[in-house]
Amino acid sequence: MAHGVVRSAREIRRAVVTGGAGFLGSHLCEQLLERGVEVVCLDNLLTGSPANVLHLMEHPGFRLVRCDVTDYVHVPGPVDLVLHFASPASPLDYLKMPIETLKVGSLGTLHTLGLAKEKDARFVLASTSEVYGDPLVHPQPEDYWGNVNPVGPRGVYDEAKRFSEALTTAYRSSQGIDTGIVRIFNTYGPRMRPDDGRAIPAFIGQALDGRPLTVAGDGSQTRSICYVEDTVRGILEMAASTHAGPVNIGNPDELSMLELARWIVQLTGSESTIGFIDLPVDDPKVRRPDTTRAEELLAWRPSVPSAEGLRRTVDWFAAQREDRAAQAG
Ligand code: NAD
């Protein structure tokens, strides 16, 4: 294709995106197609939905294949890039599906690395800021090893990702595979599920309904939120490079959960009050990426201010609700 993503001497013409029918995966598929790259999306629809890629179905360069990457991965034809994004990602999902989460992080990563090896493709792993656990270093640089409780409830996700990072690194050092690891921090935007349990869709849904917003603990714990467009651009910069990483991809714009809740009430023009619920076990107290490495290696930094990203996200959720209401009659 005329203008695929150029990675060193090689052009990326055809990419495999696992988890491509999910929130981040669907935006990645869309952006790759936009850049002239053919996309094979592998997804078992565990937490994703064909609705997320419905608008891509007619595109001649797009194919959705329903399959579980923990079973076996086979893709006919050449592949230049494998983006491994399959995994339950919201705490509600991975606490409900602990074994599936551990399997996709271990067996799924093994199989997709095998695919990259077979095709001589670049491999990019979607890791997470959760590898830092409840961090004792703030903000978190990539050389911080983290503070994770392997036998706590969140261990199923955090340790699956830590294992997948180790496996990816081993394939690079022992098999010569061109691998890259991105540690993604909290990302938000259109196509998040309203009921996935993450704070932003939950707060927006509650505010639009006029119900009280449920802030965990006293709301002083912080998160750094990155708009999906910025995250996807950073991931594609990493895919187009030959860097091993890990590289943090996130917005250093840090805010407390209470601030976030108040902001969403304001943006939705809601009359909702703010209520408090129990803090989940092992909930990280702070979270903020050190993005120096992404700036130096990839010349990447987020550009969408949170006020703008949140406004776009609120507008999308409001439009979805109107559509559902219209369909219900
Ligand atoms: P998501 O749940 O919307 O998407 C995950 C997708 O993976 C879904 O479509 C699901 O059906 C698919 N999937 C799960 N198990 C599978 C399997 N065994 N075989 C095939 N497909 C499978 O989640 P998301 O927020 O889009 O996250 C995507 C990736 O990015 C995940 O690996 C997640 O850990 C990582 N990540 C996301 C964030 C974020 O803020 N969204 C932050 C850090 C890391």
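In table form, for the structure just shown:
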{"item": "The lone exception for GLU11 - which of (1) modelled with pLDDT of 95 or more; (2) in a strand (DSSP E or B); (3) more than 8 Å from the ligand (Cβ to nearest atom) it fails", "result": "(1)"}
{"item": "Cross-chain or 6+ apart pairs with Cβ under 7 Å, the stretch 33-54 first and open to solvent by 20 Å² or more (accessible area, probe 1.4 Å), then of a type in the set (Ser, Thr, Tyr) and not in a strand (DSSP E or B)", "result": "ASN52/SER26"}
{"item": "Any hit, the stretch 139-153, residues being closer than 16 Å to LEU167 by Cα and open to solvent by less than 30 Å² (accessible area, probe 1.4 Å)", "result": "no"}
{"item": "Members of the stretch 167-186 that are more than 16 Å from the ligand (Cβ to nearest atom) and hydrophobic (A, V, I, L, M, F, W, C)", "result": "ALA170, ILE177"}
{"item": "Hey, VAL151 in a strand (DSSP E or B) and either hydrophobic (A, V, I, L, M, F, W, C) or touching a Gly at 6+ places or on another chain (Cβ under 7 Å) (or both) or not", "result": "no"}
{"item": "Close pairs from the stretch 181-202: first closer than 18 Å to MET97 by Cβ, partner open to solvent by less than 20 Å² (accessible area, probe 1.4 Å) and of a type in the set (Asp, Glu), Cβ under 7 Å, at least 6 apart", "result": "ASP196/ASP93"}
{"item": "Residues of the stretch 182-224 satisfying the condition of being within 11 Å of MET257 (Cα to Cα) and in a loop (DSSP other than H, G, I, E, B)", "result": "GLY217, ASP218, GLY219, SER220, GLN221"}
{"item": "Elements of type strands (runs of 3 or more DSSP E) contained in the stretch 24-91, each with 1 or more residues being over 26 Å from ALA160 (Cα atoms)", "result": "38-43, 62-66"}
{"item": "Any hit, the stretch 95-112, residues being without any contact (Cβ under 8 Å) to a residue 24 or more places away in the chain, assigned to a helix (DSSP H, G or I) and of a type in the set (Lys, Arg)", "result": "yes"}
{"item": "Top-ranked residue in the stretch 107-129 [being surrounded by fewer than 23 Cβ atoms within 10 Å (Cβ to Cβ) and charged (D, E, K, R); ranked as farthest from the ligand (Cβ to nearest atom)]", "result": "ASP120"}
{"item": "Hits in the stretch 63-106 - residues which are among the aromatic types (Phe, Trp, Tyr) and either within 7 Å of the ligand (Cβ to nearest atom) or buried (at least 20 other Cβ atoms within 10 Å of the Cβ) (or both)", "result": "PHE85, TYR94"}
{"item": "Among the residues listed as ALA207, ALA166, the single one being more than 18 Å from SER272 (Cα to Cα) and modelled with pLDDT of 95 or more", "result": "ALA166"}
{"item": "Entirely in the stretch 233-329, the helices (runs of 4 or more DSSP H) that have 3 or more residues that are in contact (Cβ under 8 Å) with a residue 24 or more places away in the chain and open to solvent by less than 20 Å² (accessible area, probe 1.4 Å)", "result": "257-268, 306-327"}
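The values are calculated or read from the model by the stated rules, or taken from the named source; none is laboratory data. A quick note: this is a predicted structure, and the numbers were derived from the prediction, not measured. Cβ: placed from backbone, ideal geometry, glycine included. Neighbour counts: every protein chain shown. Just the protein is used for accessible areas: all its heavy atoms, side chains included, with ligands, DNA and RNA removed. Shrake-Rupley method; radii C 1.70, N 1.55, O 1.52, S 1.80 Å.
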